[in-house]
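Okay, structure first, notes after.
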Amino acid sequence: VHFLAGPEHLADAGWKVLVRNVSDIAAMGGVPTHAIAAVSGASFEDLRSIHEGMEQASRQYGCPVVGGDLSGGPTIVITVSILGRVEDTTPVLRSGARAGDQLFVTGPLGAASAGLRLLRGDPRAMGPLVDAHRRPVARIVEGQLAAVLGATSMIDVSDGLGIDLGRIADASGVGFALDDVPIAGGASEEDAIGGGEDYELVFSVPPDTDIERRFTEARLRRPLRIGEVVAR
């Protein structure tokens, strides 16, 4: 279940379903080109709200929805398929991390999980944590720069830092040692490690890569070092 029930949440659901797919493209160092959406079980008014959020995200990320399908059903289901491309490099996969590589994340974690908890307690809750849950941001430019600078593996934090780092470890045949977990203000360590839906990028780079300086020169938020890749 990726969004809260109720008509007041459907525009946010439209935004999120597109952005979470854009983020998958960002996590390979690419840019989105277009998307196809399918919606089932939505009334006409539901569709208007879903479309509103999806259209806003489409404009924000230059990713037009070029087609799709509508059908009936017992509950609202939204499915997006997305295509993208890489421009100045090859796609960054999950399988290239090597022992000795440094691990970075593009921002603090746990805000979306904390925001969801606030909304479950008060549907009218507001603030930056709620915004992080309702309208996540895909880190396209950051992913492209990490790829150009030689990122050996990358993934977006959609299911939680623990699970998503585990996916890199499994695909690359390595392990990882964490020195720090950057926690968003108002979130807990549990939110940061297991909450998910932050859509920050976690990536590995060779140890001599001057990532922080290059991100600063590009006027991007400096990525945060969280540990290193180990052999076991």
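The values are calculated or read from the model by the stated rules, or taken from the named source; none is laboratory data. Keep in mind that what you see is a predicted model, and the values were worked out from it rather than measured. FYI the Cβ positions are ideal-geometry reconstructions off the backbone, even for glycines, and counts take in every protein chain you see. Quick note on the areas: whole protein, heavy atoms, side chains included, nothing else; ligands and nucleic acids left out. Shrake-Rupley method; radii C 1.70, N 1.55, O 1.52, S 1.80 Å.
Taking the numbered list (1) more than 14 Å from the chain's Cα centre (by Cα); (2) at pLDDT 95 or above; (3) among the charged types (D, E, K, R) in turn, Asp164 passes all entries but (1). Taking segment 126-144 as the range and being buried (at least 22 other Cβ atoms within 10 Å of the Cβ), of a type in the set (A, V, I, L, M, F, W, C) and not in a loop (DSSP other than H, G, I, E, B) as the test, the residues that pass are Leu129, Ala132, Ile140.
Here the condition is being out of contact with any Cys (no Cβ under 9 Å at 6 or more places or on another chain) and in a loop (DSSP other than H, G, I, E, B); of Ser204, Ser158, it holds for Ser158 alone. Among strands (runs of 3 or more DSSP E) entirely within segment 31-117, having at least 1 residues that are farther than 24 Å from Arg219 by Cα singles out 31-40, 65-71, 77-85.
Residues that are of a type outside the set (A, V, I, L, M), free of Cβ contacts under 8 Å to residues at least 24 places away in the same chain and farther than 30 Å from Val1 by Cα do occur in segment 188-209.
Just to be sure, is Phe3 aromatic (Phe, Trp, Tyr) and over 30 Å from Ala184 (Cβ atoms)? For Phe3, the condition - aromatic (Phe, Trp, Tyr) and over 30 Å from Ala184 (Cβ atoms) - is not met. Test Ile193 against the stated conditions and say whether it is crowded, with 19+ Cβ neighbours inside 10 Å, assigned to a helix (DSSP H, G or I) and in contact with a Gly (Cβ under 8 Å, 6 or more places away or on another chain). Spelling it out, Ile193 is indeed crowded, with 19+ Cβ neighbours inside 10 Å, assigned to a helix (DSSP H, G or I) and in contact with a Gly (Cβ under 8 Å, 6 or more places away or on another chain). For the residues Ile140, Ile183, Ile168, the requirement of being over 20 Å from Gly227 (Cβ atoms) and either without any contact (Cβ under 8 Å) to a residue 40 or more places away in the chain or among the aliphatic types (A, V, I, L, M) (or both) singles out Ile140. In segment 53-94, the residue that is least open to solvent (accessible area, probe 1.4 Å) out of those that are in contact with a His (Cβ under 7 Å, 6 or more places away or on another chain) and under 30 Å from Ala171 (Cα atoms) is Cys63. Here the condition is being buried (at least 16 other Cβ atoms within 10 Å of the Cβ) and not small (Gly, Ala, Ser); of Asp156, Asp179, Asp208, it holds for Asp156 alone. When segment 165-174 is filtered for residues that are farther than 17 Å from Glu200 by Cα and surrounded by 15 or more Cβ atoms within 10 Å (Cβ to Cβ), the ones remaining, listed by number, are Ala169, Ala171, Ser172, Val174. Residues in segment 161-184 that are in contact with a Gly (Cβ under 8 Å, 6 or more places away or on another chain) and part of a loop (DSSP other than H, G, I, E, B) were compared, and the one that is nearest to Pro223 (Cα to Cα) is Pro182. The set of residues from segment 6-30 being assigned to a loop (DSSP other than H, G, I, E, B) and either more than 15 Å from the chain's Cα centre (by Cα) or without any contact (Cβ under 8 Å) to a residue 24 or more places away in the chain (or both) comprises just one member, Gly6.
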